[in-house]
Structures are given as structure tokens and as C-alpha cells.
1. Could you check the stretch 222-240 and list, in sequence order, the residues that are within 16 Å of the ligand (Cβ to nearest atom) and under 19 Å from GLY292 (Cα atoms)?
2. Among (1) of a type outside the set (Phe, Trp, Tyr); (2) near the ligand (Cβ under 8 Å from one of its atoms); (3) open to solvent by 30 Å² or more (accessible area, probe 1.4 Å); (4) not in a loop (DSSP other than H, G, I, E, B), which single condition is VAL244 missing?
3. Among the residues of the stretch 248-298, what is the count of those that are more than 15 Å from the ligand (Cβ to nearest atom) and at pLDDT below 95?
4. Which pairs do you get when a residue that is small (Gly, Ala, Ser), found in the stretch 242-255, comes within reach of a residue that is in a helix (DSSP H, G or I) and near the ligand (Cβ under 8 Å from one of its atoms), reach meaning Cβ atoms under 7 angstrom, with the pair 6+ apart or on two chains?
5. Among the numbered criteria (1) open to solvent by 40 Å² or more (accessible area, probe 1.4 Å); (2) under 29 Å from PHE133 (Cβ atoms), which one does GLY204 miss?
Amino acid sequence: MNPIKTLGQFIIEKQADHPYAKGELSRLLRDIGIAAKIVNREVNKAGLVDILGQAGSTNIQGETQQKLDIYANEQFIAALKNGGECCIVASEENEEIVMLDTDVSLDAKYIVAIDPLDGSSNIDVNVSVGTIFSIYRRQSTEGRATLDDVLQKGVNQVAAGYIIYGTSTMLVYTTGRGVNGFTLDPSIGEFCLSHPEMQFPKTGHVYSINEGNYVHFPQGVKSYIKYCQVEDPATNRPYSSRYVGSMIADLHRSMIKGGIFIYPVTAAAPGGKLRLVYECNPMSFIVEQAGGKATNGYKKRILELDVNSLHQRTPIFMGSEEMVLKAEEFMAQSEDLPNISLVG
Ligand code: P6P
């Protein structure tokens, strides 16, 4: 049996790979791990809210029960504020950036973008949900960090990861040297290394997309879906269709089993639905570090997209490299004239 290696031990071990690291990023990652354990505890008893009263009711201490995504947001922001290594948090739950203005945080050099509880609508039906985080170094050198420090391209990320609250709770992250997965062992309250050096299979046989939007998809997406459904044993088609409705769960499965996840432009979301700063960029960093591919469907790497606003959206095609390339072939053949800003 391999000896247990906790997230904390792993972070310190890997810090040695960065000779000039002074421990700030290590402490920041540990702060995130602590908040993840706190959120996990509440997510895991979410079903009990019905017994204890609906969210928004008051618990026996008379405290108002909060929606879980607001609770998660507050826990991560508090952990980052207390940790002192982060100066700004950009969150899906906050319209504006959150300045962490404690004496220590003001001089902190890291920015964290976060989706505190992605897929939270699935909590009531007991489907996996998750937290996504993205870490940048502030670019400004004088005064307080600003929104411009947040609106950096994905290629500038120093770290990114997600926590999936599923059949087990896992924390998966990269600092640009591969992707490693840690599973929470509740008996010791530690994330333990369980999936070292995660890699996407080069191809797969599962496609993940909300086909309910089919009529509004670009022609290239419709053609790719039909390609996936054709009977061709030589290429293991038809593929299987799997769609959880929590991007983290769909992507995590794709990374382990092989597959492609697509959220294209639709009539309801002409610029795509998923957010660039705290969903697509962090997930794309992980995908690429695990040997996969992540683009907007028009041969443009997600990580190289210009970031112009905090809650900016983008279409996303990510997963096993060969599957993304095949989907992009169909996108390139279609007559659709995409919004020119989307074209690589
Ligand atoms: P739809 C969850 O709300 C989310 O942001 C992603 O996690 C998920 O992949 C997507 O939206 C689901 O969107 O439109 O298919 O319900």
C-alpha cells in the first residue's frame, strides 16, 4: 500500500521545484483546500435542508440559512482573506471584484477568480457540483491591485483547479507542471493524493452537450453530433452521450475516461453560456496540462482569448485532443458565419 501523501505534503514537496518560491502560493493553495473541506461538509448535508426547513429559513440558533452557493462564496472569500496571500477575489457570485483589504492582503501578490459552487441547481437532485478556482499573479506594481489585474489572459494563470463534491470529494489542480488529483479522506480530514499526473486519453467515445438546444446549435455542431451517432464499429461509433449539467462533473469524467464537452453558442447564449474568467480559463488550463485541448470551436485556444470583462462568456469545446480536432473540422466546414471575434 503506498504511503498516504496529503495535499499539504504534496504542495510543500512541489514548492521545492520552484527554488525562488517563498511559500505564498503554497499557503494560498492550502487556504483553498481548507475552505473546500468546510464547503464539502455543508454540501454533503444539503439534503437535510429539506428536513431542517428550506434554505432561507432559520436554523435552531435562529440563524438564517443561506443558499449554498452564497455560503460557499463566503467561505472561500473568508479563507483567502484570512490567509493573507490574495489581494482580490473575482467571483461568479459578485458583480464587482472583492478587494481583500486587510493590512496583509493589501500587499498580497495573488489574484483568485472563483466559481464557488458551479452547477448549484443540481444540489436539490443530489447531482455532483463543484468549485472552480484560477490564480494569477498581480501585474500592477504600485498601489492597490485593480480590475486590470484580474482581466488577464488564461495563459497567465499560475495555478488552477476544481473541487468536485461527488460520490467522493476530490481536489484537482495544476501549477503548470501537470495535473494531480486528491481525494478527501473524511476519516482523517485530509485530501490525499489519489490520481497523480492525470492525463486525458487522446480520444474517447463519449460526447457531452445539452442536446435540448439542438435546433439553435451552429450547423457545425449539429454535423458533429450526427457524426458521433453514426454506426461505425471501426471508430467505436455511435459514441455515448453523457450530460450531467455540472461542467466539472462532465469534464472530470472526460479526463478520466476520454471524451469531449461542448457548450457552443446558442440562441439563448449567442456568445456562449460559460464564463471565461472563472470557468473556462481555469478548466482549460487543467485540460491542456493534462494533454487535452480547449478552444472556442473556431481554432482559438481558450487560454489566448482576450479578457475584456469580468463575467464575459465564451463557447467552449474541450476534452480529448482528437475529439476536439474532429469537432473543429465540422465547425470549419459549416457555412455558419460566426461572430468574427470568435474566429482563430
Ligand atoms: P445548461 C451549471 O449551471 C453550468 O454553469 C455548468 O456547470 C453546466 O455545464 C452548464 O451550466 C449547464 O447549462 O444550459 O445545459 O443547463
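The values are calculated or read from the model by the stated rules, or taken from the named source; none is laboratory data. Just so it is clear, the model here is predicted, and its values are computed rather than measured. As a convention, Cβ positions derive from the backbone with ideal geometry for all residues, glycine included, and neighbour counts pool all protein chains shown. Heavy atoms of the whole protein, side chains included, go into the accessibility calculation; ligands, DNA and RNA do not. Shrake-Rupley method; radii C 1.70, N 1.55, O 1.52, S 1.80 Å.
1. Matches in the stretch 222-240: none.
2. All conditions pass for VAL244, except number (4).
3. Summing the residues that are more than 15 Å from the ligand (Cβ to nearest atom) and at pLDDT below 95 in the stretch 248-298 gives 1.
4. From residues that are small (Gly, Ala, Ser), the pairs are GLY245/ASN122; SER246/ASN122.
5. (1)
Here is a yes/no grid of residues against (1) modelled with pLDDT of 95 or more; (2) part of a strand (DSSP E or B); (3) buried (at least 22 other Cβ atoms within 10 Å of the Cβ):
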position	(1), (2), (3)
SER121	no, no, no
ARG144	no, no, no
GLN152	yes, no, no
GLY161	yes, yes, yes
TYR173	yes, yes, yes
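Per-residue answers, yes or no, for (1) of a type in the set (Phe, Trp, Tyr); (2) closer than 27 Å to GLN333 by Cβ; (3) open to solvent by 20 Å² or more (accessible area, probe 1.4 Å):
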site: MET283; (1), (2), (3): no, yes, no
site: GLN289; (1), (2), (3): no, no, yes
site: ASN296; (1), (2), (3): no, yes, no
site: ARG301; (1), (2), (3): no, yes, yes
site: ASP306; (1), (2), (3): no, yes, yes
site: HIS311; (1), (2), (3): no, no, yes
site: ILE316; (1), (2), (3): no, yes, no
site: GLY319; (1), (2), (3): no, yes, no
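Residues checked against (1) among the aliphatic types (A, V, I, L, M); (2) in a loop (DSSP other than H, G, I, E, B); (3) within 30 Å of ILE12 (Cβ to Cβ):
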| residue | (1), (2), (3) |
| --- | --- |
| ASN180 | no, no, yes |
| THR183 | no, no, yes |
| SER187 | no, yes, yes |
| GLN199 | no, yes, yes |
| LYS226 | no, no, no |
| ILE248 | yes, no, yes |
| LEU251 | yes, no, yes |
